[in-house]
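All of the numbers you see were taken from the coordinates with simple rules; none came from a lab. Everything numeric in this text was worked out from a predicted model, so none of it was measured. When we count neighbours, we look across all protein chains shown, and the Cβ atoms used for this are built from the backbone with ideal geometry, even at glycine.
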């Protein structure tokens, strides 16, 4: 049987900027740290599209505010 309880934390691919340097890493994010209006979707895999991959490598200036979480495609 699958555990359907909401976890306290999840992994997210976060991109940060420090000066001119762009850095991306997997981070543990707390559920209670989400903003109003955000939702939790349990999924097994998340995709990072081409535009996100350029942004997290610092090769495209498409991110306006940092930090930013990459990936919008998911499989539940």
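Data overview
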item: Candidate set: region 19-41, residues that are assigned to a loop (DSSP other than H, G, I, E, B) and in contact with a strand residue (DSSP E or B) (Cβ under 9 Å, 6 or more places away or on another chain); chosen: the one surrounded by the fewest Cβ atoms within 10 Å (Cβ to Cβ); result: 41
item: Index of the failed condition, residue 44 passing every other in (1) exposed (fewer than 13 other Cβ atoms within 10 Å of the Cβ); (2) closer than 15 Å to residue 11 by Cβ; (3) under 13 Å from the mean Cα position of the chain (by Cα); result: (3)
item: Region 49-76: number of residues that are under 20 Å from residue 19 (Cβ atoms) and surrounded by 11 or more Cβ atoms within 10 Å (Cβ to Cβ); result: 10
